[in-house]
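Report on the structure given below.
The values are calculated or read from the model by the stated rules, or taken from the named source; none is laboratory data. All figures in this text were calculated on a predicted structure; none of them were measured in a lab. Reconstructed Cβ throughout: ideal geometry from the backbone, glycine too, with neighbour counts over all protein chains shown.
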Amino acid sequence: MQYFFKNSKIRMFLVLFLLLFFYTFLCAVSYVNAVSSHISDSVFRLHILANSNSEEDQNLKYLVRDEVISYLTSLTENVNSKEEVIQVVNENLHHFEQIAEQVISENGYTYPVKISVGNFSFPTKEYGDVSLPAGSYDALRIEIGQAAGNNWWCVLFPPLCFVDVSSGIVPDESKEIIKENLSDEEYSLITDDSNEVKFKFKIVEFFQNVGKQVTAKK
């Protein structure tokens, strides 16, 4: 063992190997981080937070979701860009609030509702066979009551909220819409369900969380 570490050629080989490993690792993370940042710039999400994790509150969240999406379907039928979707949503925030409050009241609850459009942090998420990397995304956020329960999310643009992905597969027509709004590299990245891509997403998510913790301590 001592000979192994004293041998200059072996030491040099180990140093070069470690340098190459870290260089490759950093390049992969940097690449995925850059691509994921552009993906987040191209996407507008819907995010609904339940009052709590009780079965009743979770069911209420889904009822609110169904009504909001039904209303959004009529509003965004002829909308073709993220900017247009955000404009339509901002112009109808009061209506979303009314819809949510009505659903909550009709089901016997008195929870307040908070509606906002902003830039929010999301972990890596899967929607059918499409994965979105962790990052900060523009989104319509609906908070029910204490908003302390599990959340539900979908993609308003490109329009995936209106797709039934209970089968675990996003239809080809919907993927075509996604493809039209992303580069070939970005599209390949979010539709590649290989362990390698998932690992890269998790690495990016890890470093983003570390960065947030460091910033919070300052």
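Worth pointing out:
- Of residues in the range 45-60 being in a helix (DSSP H, G or I) and more than 26 Å from F157 (Cα to Cα), the one nearest to the chain's Cα centre (by Cα): D57
- Test for N80: is it in contact (Cβ under 8 Å) with a residue 12 or more places away in the chain, closer than 18 Å to P159 by Cα and not in a strand (DSSP E or B): no
- Some residue of the range 89-97 being among the β-branched types (V, I, T), farther than 17 Å from A50 by Cα, at pLDDT 80 or above and not in a strand (DSSP E or B): yes
Yes/no matrix, rows are residues, columns are (1) in contact with a helix residue (DSSP H, G or I) (Cβ under 6 Å, 6 or more places away or on another chain); (2) among the hydroxyl-bearing types (S, T, Y); (3) surrounded by fewer than 18 Cβ atoms within 10 Å (Cβ to Cβ):
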{"position": "S70", "(1), (2), (3)": "no, yes, yes"}
{"position": "S74", "(1), (2), (3)": "no, yes, yes"}
{"position": "E83", "(1), (2), (3)": "no, no, yes"}
{"position": "V89", "(1), (2), (3)": "no, no, no"}
{"position": "A100", "(1), (2), (3)": "yes, no, no"}
{"position": "L140", "(1), (2), (3)": "yes, no, no"}
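- Qualifying residue in the range 156-175 (condition: more than 22 Å from S70 (Cα to Cα), in contact (Cβ under 8 Å) with a residue 40 or more places away in the chain and surrounded by fewer than 16 Cβ atoms within 10 Å (Cβ to Cβ)): no
- When residues in the range 39-68 are screened for being of a type in the set (G, A, S), touching a strand residue (DSSP E or B) at 6+ places or on another chain (Cβ under 7 Å) and farther than 30 Å from S81 by Cβ, 1 of them pass.
- Positions within the range 61-77 being in contact with a Leu (Cβ under 9 Å, 6 or more places away or on another chain) and assigned to a helix (DSSP H, G or I), in sequence order: K61, R65, V68, I69, L72
- Filtering S121, S166, S174 for residues that are at pLDDT below 75 and among the hydroxyl-bearing types (S, T, Y) leaves a single hit, S166.
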